[in-house]
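Colleague: Please find one structure pasted underneath; my questions will follow.
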Amino acid sequence: MGADCSAATLLALDEKPVPLTSLSLPRVYWSLVYQQAARNLATFLRMPTNPPKLSMFQVLACGASIVTLSMGIRHGFGLWLLPITQEMGWTRQSFALAIAIQNLSWGVIGIFAGMAADRFGAFRVLVVGALLYGLGLAGMALSPTPGLFALTAGVLIGAAQAGTTYAVIYGVLGRQIAPERRSWAMGVAAAAGSFGQFLMVPVEGWLIAGLGWQQALLVLSMAVVLIVPLAFGLREPGFKGSAPPQREQTITQALGEAFRYPSFNLLMAGYFVCGFQVVFIGVHMPSYLKDHGLSPQVASYALALIGLFNVFGTYIAGTLGQRMPKRHILAFIYFSRAVVISVFLLVPLSPLSVYVFSAVMGALWLSTVPPTNATIAQIFGVQHLSMLGGFVFFSHQIGSFMGVWLGGYLYDATGSYDIVWYIAIGLGVFAGLVNLPVKENPIQRASPVPA
């Protein structure tokens, strides 16, 4: 307001008539230049400081499609365990170690991918991630040794997933969608990842059966590059220039604040358990079922059912997060997982019991993702959401590493997965307990950061 008044005053001072004599011509010229400069200054000062928002439909459509493709391919990796180990003569521990490294790589690189997305926008990160994904899948198909397999299926695909999944997409959702609809939108994106599992896992099974495991991976390496055109729909206006948006906190300040806040550490502890449970089940359940005499088709349908019912579970969790404390939702999910796994181990194993377990477990599968990320946004704001979400997800991936690697190690050592199932039950109870005291209110700062 003051700037507009000042500019108006400058214009008024120079609007007095000036006699057009030969001596006054320079004065007239510079007076006109001065007036035009004042008008330009006034126009600039009236310009909005906040960049325009992308449409919610565009953000959700492109973000959900990217997560569908990226997570859908990733959820089917367990289907490759037996074909690869049997043809290549590797142990299950070798395959499990590569997938464990993948999860750890995803977690570590996800922190830096989140920082890059917060600073430069999600678009560039998504493009790089898509290209790495294609290279990783091709390398996974062509690796002749366990070491090279761990490098491509492990490190490279892990880095690709860091740049094409939840932490990056949720950063866009947090910045582009109003707080009152944020949890719901995150539920929609998580449901898309679940639909990807429902859609892609049977497709991956058919590709393996029809083309062989190597050709199937090469086909997927070409399909995943579709993420690149979808990423254009997530080019945020505030990141198009070379200068990053202004921040009220540095990265160091944001991290220090988060790690000093007990609720952030409790969320990280719960997410560790989530990673342990879902990756152990997703990778090792197909082999567990085959060891007990069930056909590979049962495993494919089981993973697809997990994906299908997780569509509903994640959407419901995101919607409920707008209406009730998110810590209660998270505690319920973790306690319920412990109960469901216990019942699955107690009843006789059959295709029916597998399908019922998969459906119920599917409803609890990634339903932790929307309330966890929405809680982080609610407490700390969205300026560093991708980075803070990356740190919490890193904890998830440490759990994933432990779940998938420990499953392979203990199976090779004991010939059974029983011990890992029991650990998963105990961790579920632990995660339910640590989420109950989480405080969801926005953190109080001397200079508030917009939510």
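Bear in mind that the values in this text are calculations on the coordinates, not laboratory data. The structure displayed is predicted, hence computed values, not measured ones. Using ideal geometry, Cβ is built from the backbone for each residue, glycine included, and neighbour counts are taken over all protein chains shown.
Colleague: Got the relative contact order for the stretch 48-169 handy, in percent, Cα pairs under 8 Å and 6 or more residues apart?
Modeller: About 34 percent, as a whole number.
Colleague: Could I have the simple spin-label model distance between residue 178 and residue 226, label points 7 Å from Cα toward Cβ, reported in nm to one decimal?
Modeller: Taking the simple label geometry, residue 178 and residue 226 are separated by 3.3 nm.
Colleague: Mind checking the full-extension length gain between residue 261 and residue 324? Use 0.36 nm per residue of separation minus the Cα-Cα distance, one decimal, nm.
Modeller: 20.5 nm
Colleague: For labels at residue 292 and residue 248 in the simple 7 Å Cα→Cβ model, what's the distance in nm?
Modeller: With each label placed 7 Å out from Cα toward Cβ, I get 5.3 nm.
Colleague: Further question on the same structure: Suppose R0 equals 22 Å. What FRET efficiency, 1/(1 + (r/R0)^6) with r the Cβ-Cβ distance, do residue 352 and residue 433 give to the nearest 0.05? Kindly include the intermediate steps, with their values, before the conclusion.
Modeller: Numbers: r = 32 Å, r/R0 = 1.47.
Plugging the Cβ-Cβ distance into 1/(1 + (r/R0)^6) gives 0.10.
Colleague: Taking θ = phi - 60°, what integer Hz values does the Karplus form 6.51 cos²θ - 1.76 cosθ + 1.60 yield along the stretch 279-284, in sequence order, with x for Gly and Pro?
Modeller: For the stretch 279-284, the Karplus curve yields 6, 4, 5, x, 8, 9 Hz.
Colleague: Shifting gears a bit: Which of the peptides 350-363, 152-165 is most tightly packed, and how do the rest follow, judged by the mean count of other Cβ atoms within 10 Å per residue?
Modeller: Per-residue mean Cβ counts within 10 Å order the peptides as 152-165, 350-363.
Colleague: Here is a further query. Using the Karplus curve 6.51 cos²θ - 1.76 cosθ + 1.60 with θ = phi - 60°, what ³J(HN,Hα) values do you get for each residue of the stretch 382-392, in whole Hz, with x for Gly and Pro?
Modeller: For the stretch 382-392, the Karplus curve yields 10, 4, 10, 5, 4, 5, 5, x, x, 5, 5 Hz.
Colleague: When 62, 274 are ordered from fewest to most other Cβ atoms inside 10 Å of their Cβ, what list results?
Modeller: With the sparsest Cβ surroundings first, the list reads 62, 274.
Colleague: Shifting gears a bit: The stretch 125-185: percent of C-alpha pairs farther apart than 13 Å? Intermediate results must be reported in sequence, preceding the final value.
Modeller: Values: 1143 of 1830 pairs.
Roughly 62 percent, rounded to a whole number.
Colleague: Find how much the distance from residue 441 to residue 332 grows on full extension, using 0.36 nm per residue of separation minus their present alpha carbon separation; answer in nm with one decimal.
Modeller: Gain on stretching residue 441 to residue 332: 37.2 nm.
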